[in-house]
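What follows is one structure encoded as structure tokens, with my remarks underneath.
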Amino acid sequence: KAGVTQTPRYLIKTRGQQVTLSCSPISGHRSVSWYQQTPGQGLQFLFEYFSETQRNKGNFPGRFSGRQFSNSRSEMNVSTLELGDSALYLCASSLGLTPSYEQYFGPGTRLTVT
Amino acid sequence: AQSVTQLGSHVSVSEGALVLLRCNYSSSVPPYLFWYVQYPNQGLQLLLKYTSAATLVKGINGFEAEFKKSETSFHLTKPSAHMSDAAEYFCAVSDGNQGGKLIFGQGTELSVKP
């Protein structure tokens, strides 16, 4: 069974631009969560989607948004990029809402904002 | 509010020696506790998960962790370190009431000397 895939793997953007990251969950998984990983702040929860509905949201500004499609694939969007948005963005999928169901992580998208 | 503290941002052991990575948590309700491992340029992989079924939890790759409520700890151990264990390890907590929101510790980088 294929794992969680994230595209693109690497991305370089300029401050002020917007970016869209994509996550394809493991087949059959209905929940997708997004995390931001930085050296300074560590791993921080962004949001979780289940059956196309946002179920939980972390403490990030409104510039960070996401959505989930009917096939469970998810995208996250960051508008008006800031230098501090440079990070590894990780997507995780699970059969159902965690923590009851194990989260499987993708390799991440490394975003660099210049 | 939940929180996780990992004692020691860097731990170094010799090959064949005991691995002990420390994790203390704070939670107002019985928690779900996790240990994840992250290899360079990869996502996170679940090592083991505590869900109150048993205080000693066995995971993959010979790792295990013991839940001690009185000490609010969930330390990760492995009797004999292998070179392939060198990676970053994250402890995480969830109270089970917030969907997919995992609160991660800052991580401990494990080095294994030959």
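Quick note: the coordinates plus some simple rules give every number you see, no bench work behind them. Just so you know, these numbers come straight off a predicted model, no measurement behind them. Ideal geometry is used to build each Cβ from the backbone, glycine not excepted, and the neighbour counts take in all protein chains shown.
What the table below lists for this structure:
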quantity: Per-residue average of Cβ from other chains inside 10 Å of A:44-52; calculated: 3
quantity: Pairwise centroid distance, computed over Cα atoms, of segment A:15-52 with segment B:1-71, Å; calculated: 23
quantity: Separation in nanometres of the label points that stand 7 Å from Cα toward Cβ, at A:Thr112 and A:Ser86; calculated: 0.8
quantity: Selected from A:Gln41, A:Gln18, A:Gln103 as most flexible by GNM, with chain A as the system and alpha-carbon contacts under 10 Å; calculated: A:Gln41
quantity: Cβ-based exposure ranking for A:Ile26, B:Ile103, in which fewest neighbours within 10 Å come first; calculated: A:Ile26, B:Ile103
quantity: Peptide A:103-110, shielding by other chains (average Cβ, 10 Å cutoff); calculated: 4
quantity: Amide H within-cut-off set for B:Ser12, under 5 Å, with H built and near neighbours excluded; calculated: B:Ser111
quantity: Taking chain B and dividing mean pair separation by its residue count, relative contact order in percent (alpha carbons under 8 Å, at least six apart); calculated: 38
quantity: Average partner coverage of B:102-112, which counts Cβ from other chains inside 10 Å; calculated: 3
quantity: Mean Cα-pair separation over length for segment A:22-99, i.e. relative contact order, pairs under 8 Å, 6 or more apart, %; calculated: 40
quantity: Highest to lowest packing among B:31-39, B:68-76, scored as the average C-beta count within 10 Å; calculated: B:31-39, B:68-76
